[in-house]
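Beneath this line is the structure, given in structure tokens, with notes to follow.
The values are calculated or read from the model by the stated rules, or taken from the named source; none is laboratory data. If you're wondering where the values come from, they're calculated on a predicted model, not measured in any experiment. Here the Cβ is made from the backbone with ideal geometry for all residues, glycine too, and neighbour counts use every protein chain on show.
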Amino acid sequence: MIPRPAQYLLRFDDLCPTVEQHRWQGLRDLVLEFGIRPILAVIPDNQDPAMECSPADPGFWAQMREMEAAGATIAAHGFQHLCEKHSKNLIGLHQKTEFAGLGLEVQRQRVQAGLRTLREHGLNPRLWVAPRHTFDMTTLRAIRQEGIDYISDGLARIPFTRGGVTWIPQQLWSPVEKSKGLWTICVHSNSTMKPQFLKLQSFLRKCAEQFTSFDRVVAEFNPGELGFTERMYERYATWRLQLHRKRTRHRRKRKT
């Protein structure tokens, strides 16, 4: 059943000790102000220079533990966030990937290493988030073999099962008011500028009571395979987003 009114999840991506401190502090303040229980997508062992936006914060891991204890859910955001290989993948928004196209054993080793690193820092990762939305059916098999049954991705309007795991859709990168469905808003902590921050703040002031949590979603939904109507919606939404991103890349190339 698609819930009415709409429900929202808030997810923060690219969290690691070198996250942009000023922007992340502002976003954390919103979480506290409105009592949101977000998904924290944490890079276990960041090796991506693009994610080095501030000097490493020695209190980062303690901060993640505190937020998890307060109701946030930890997601493993890949392993090292090094998306160097090009490969086809299930979502098709990007081609550079840390996982898709690799063999099962390699993918499983990366998943295992990432989960182990987070656990060594005292965290309990409960779902998986692919860097750049790039993963394949082998990835799903690898995370399942490592005991992770949930991913945050896909463009349906309700949680569903595919490849042996439960998908909690992630369809928005900016707040958009919806009439029904479950919508995950993904916020990239390093690149949230003031207009984006103010838009999120305004949306939370209006719709905070409609924000849910990973735990509530797991408890309240009984996901299965998508029916015909939702499969058609998912395909249309995916095609529309892929087209939008292609047009955006084309405009950027024309300007350079």
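Considering only residues that are more than 17 Å from Gly26 (Cβ to Cβ) and basic (Lys, Arg), which ones fall in the range 178-235? Within the range 178-235, Lys178, Lys180, Lys206, Arg216, Arg231, Arg235 qualify. Screening Ala69, Ala76 for residues that are in contact with a Pro (Cβ under 7 Å, 6 or more places away or on another chain), closer than 30 Å to Asn222 by Cβ and modelled with pLDDT of 95 or more leaves exactly one candidate, Ala76. Output yes when any residue across the range 60-83 is within 14 Å of Asp136 (Cα to Cα) and among the β-branched types (Val, Ile, Thr), and no when none is. No, the range 60-83 has no match at all. Of all residues in the range 166-186, exactly one satisfies the criterion of being assigned to a loop (DSSP other than H, G, I, E, B), polar (S, T, N, Q) and in contact with a Phe, Trp or Tyr (Cβ under 7 Å, 6 or more places away or on another chain), namely Gln171. I'd like to check something: does the range 205-228 contain any residue that is aromatic (Phe, Trp, Tyr), within 17 Å of Thr161 (Cα to Cα) and in a helix (DSSP H, G or I)? Among the residues of the range 205-228, at least one is aromatic (Phe, Trp, Tyr), within 17 Å of Thr161 (Cα to Cα) and in a helix (DSSP H, G or I), which makes the answer yes.
Taking the listed residues Cys207, Cys186, the one that is in contact with a strand residue (DSSP E or B) (Cβ under 8 Å, 6 or more places away or on another chain) and more than 14 Å from Ile168 (Cβ to Cβ) is Cys207, with no other qualifying. Any chance the range 8-30 includes a residue that's among the β-branched types (Val, Ile, Thr) and out of contact with any strand residue (DSSP E or B) (no Cβ under 8 Å at 6 or more places or on another chain)? Within the range 8-30 (the criterion being among the β-branched types (Val, Ile, Thr) and out of contact with any strand residue (DSSP E or B) (no Cβ under 8 Å at 6 or more places or on another chain)), the answer is yes, since at least one residue qualifies.
Filtering the range 117-128 for residues that are more than 29 Å from Tyr8 (Cβ to Cβ), free of Cβ contacts under 8 Å to residues at least 60 places away in the same chain and of a type in the set (Asp, Glu) leaves a non-empty set.
Restricting attention to the range 232-250, does a residue exist that is β-branched (Val, Ile, Thr), under 30 Å from Val19 (Cα atoms) and not in a helix (DSSP H, G or I)? Give the steps one after another, and end with the answer.
To start, the set of residues in the range 232-250 that are β-branched (Val, Ile, Thr) comprises 238, 248.
After this cut, where a residue has to be under 30 Å from Val19 (Cα atoms) as well, the list is 238, 248.
Subset that is not in a helix (DSSP H, G or I): none.
The answer is no, given that none of the residues of the range 232-250 is β-branched (Val, Ile, Thr), under 30 Å from Val19 (Cα atoms) and not in a helix (DSSP H, G or I).
If Ser189 passes every condition in (1) small (Gly, Ala, Ser); (2) out of contact with any Phe, Trp or Tyr (no Cβ under 9 Å at 6 or more places or on another chain); (3) buried (at least 17 other Cβ atoms within 10 Å of the Cβ) but one, which one does it miss? With (1) small (Gly, Ala, Ser); (2) out of contact with any Phe, Trp or Tyr (no Cβ under 9 Å at 6 or more places or on another chain); (3) buried (at least 17 other Cβ atoms within 10 Å of the Cβ) applied to Ser189, the lone miss is (2).
Within the range 1-17, residues that are at positive phi and acidic (Asp, Glu) have Cβ atoms under 6 Å from residues that are part of a loop (DSSP other than H, G, I, E, B) and at pLDDT below 95 in these pairs: Asp14/Ser189; Asp14/Asn190, counting only partners at least 6 apart in sequence or on another chain. Just a yes or no: is a residue in the range 43-56 modelled with pLDDT of 95 or more and in contact with a strand residue (DSSP E or B) (Cβ under 8 Å, 6 or more places away or on another chain)? There is at least one residue in the range 43-56 that is modelled with pLDDT of 95 or more and in contact with a strand residue (DSSP E or B) (Cβ under 8 Å, 6 or more places away or on another chain). Here Gln21 meets the list (1) surrounded by fewer than 22 Cβ atoms within 10 Å (Cβ to Cβ); (2) over 18 Å from Gln170 (Cα atoms); (3) touching a residue at least 60 places away in the same chain (Cβ under 8 Å) almost entirely, failing just condition (3). Can you work out which of the residues in the range 166-183 that are buried (at least 19 other Cβ atoms within 10 Å of the Cβ) and closer than 13 Å to Arg4 by Cβ is modelled with the lowest pLDDT? This residue is Gly181.
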